[in-house]
1. Out of 86, 121, 231, any idea which swings most in a Gaussian network model of the chain, alpha carbons joined below 10 Å?
2. For the chain, calculate the relative contact order in percent as a whole number, restricting contacts to Cα pairs under 8 Å that are 6 or more residues apart.
3. Among DSSP bridges having both ends in the range 4-282, what percentage is antiparallel? Round to the nearest 5.
4. Taking the chain as a Gaussian network, Cα atoms linked when under 10 Å apart, which of 214, 108, 157 shows the biggest mean-square fluctuation?
5. Would you calculate the separation in nanometres between label points at residue 85 and residue 238, each defined as 7 Å from the Cα along the Cα-to-beta-carbon direction?
6. Over the Cα atoms of the range 102-234, each weighted equally, I'd like the Debye log10 I(q)/I(0) at q = 0.09, 0.12 Å⁻¹, rounded to two decimals.
7. Compare 164, 190, 142 in a GNM of the chain, Cα atoms joined below 10 Å, and give the one with the largest fluctuation.
Amino acid sequence: MIQEKDLAEKLSEIQERYINFMLDSLKDWRQWADASQRMADGKPVSKDEVPEFFHTEYEWAKIVLDMEDQGGFNWQDPRIAKLFAAAAQTPFYKLWGETITEVSRVLAQQINAKTLIEIGAGRGNLTRDMLVKLSRNNMSVPLVATDANETILENIAELQDDFPEQSLRTCLWDVNRPPEDLLKNQIKNPAVLYERASITYATYGSLENMAQVADVIVLGDYFNYTGELFAYDTMFDKIGVKPLLYKDVEPLLLKHFPNQILFDQQVHESVGVPNISLIIAWKR
Ligand SMILES: C[S@@+](CC[C@H](N)C(=O)[O-])C[C@H]1O[C@@H](n2cnc3c(N)ncnc32)[C@H](O)[C@@H]1O
């Protein structure tokens, strides 16, 4: 059973670091909202009009609009792979990942977790980070890394060689579907599940499926807390990235994981940015 006060104390340092970074980075977010509107209206916007934090989004927006003019979005365009690689190197993306894994590790320690589950593991950035953190803290909680894409999992499985003291397994899981026995058999409860930027590509209904295996979830995604949408939201709709509205997620969270910490709510309250980027929720 998680005592919220205990947890808040354990997470206070990492939370303060994250919030300070976000307050500083997002304070001028409305400039990006206005600039993205002008871009959508076909007006010229130069990069230096956009706050640095949003430069990757600006590049994305340019490509999306450019491809739209040329008849549709093409995932094979070499600019896309370059942008993904650049985005993964930004200070924010690194801090976001480090925060998600550290919060999940602390939770695993607090509830004496028997399994850690990662969903949408992708290039394994979080997987590696988690294995590093477990080793540094002399912890060994079996980690099951999952993704809907089998090829990705083959690369992730190779991480085991770098961490012989840890137990890493991989399993195919499209979180839009209920977990199959093959996955369930690898999980012992209590279990902590974490993710970054994967629910956006799945559906919020996937929370029902996560609830079948996890006792605690750590969700790193852009949850639109206010429902207020800007040009950058609708632009990215064109490549299948739909805004994840907190109001849609909340009923499912409350049904399965009624206890919640909106980790960076203070950023929303201070600078008005509509998004929350990290949610911790647990069953009891
Ligand atoms: C933007 S990447 C994020 C990768 C990784 N979590 C990270 O933060 O570096 C999104 C990942 O979600 C996976 N994904 C997309 N839809 C999914 C689904 N329905 N179920 C599970 N994984 C999914 C993709 O295969 C991809 O690896």
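Only the coordinates and a few stated rules stand behind these numbers; no lab work does. It should be emphasised that the depicted structure is a prediction, and the values quoted were computed from it without experimental measurement. All Cβ positions, glycine included, derive from the backbone under ideal geometry; neighbour counts span all protein chains shown.
1. 86
2. Averaging sequence separation for qualifying contacts and normalising by length gives 18 percent for the chain.
3. 35 percent
4. 157
5. It is 2.5 nm.
6. Debye output, listed in q order: -0.26, -0.45.
7. 164
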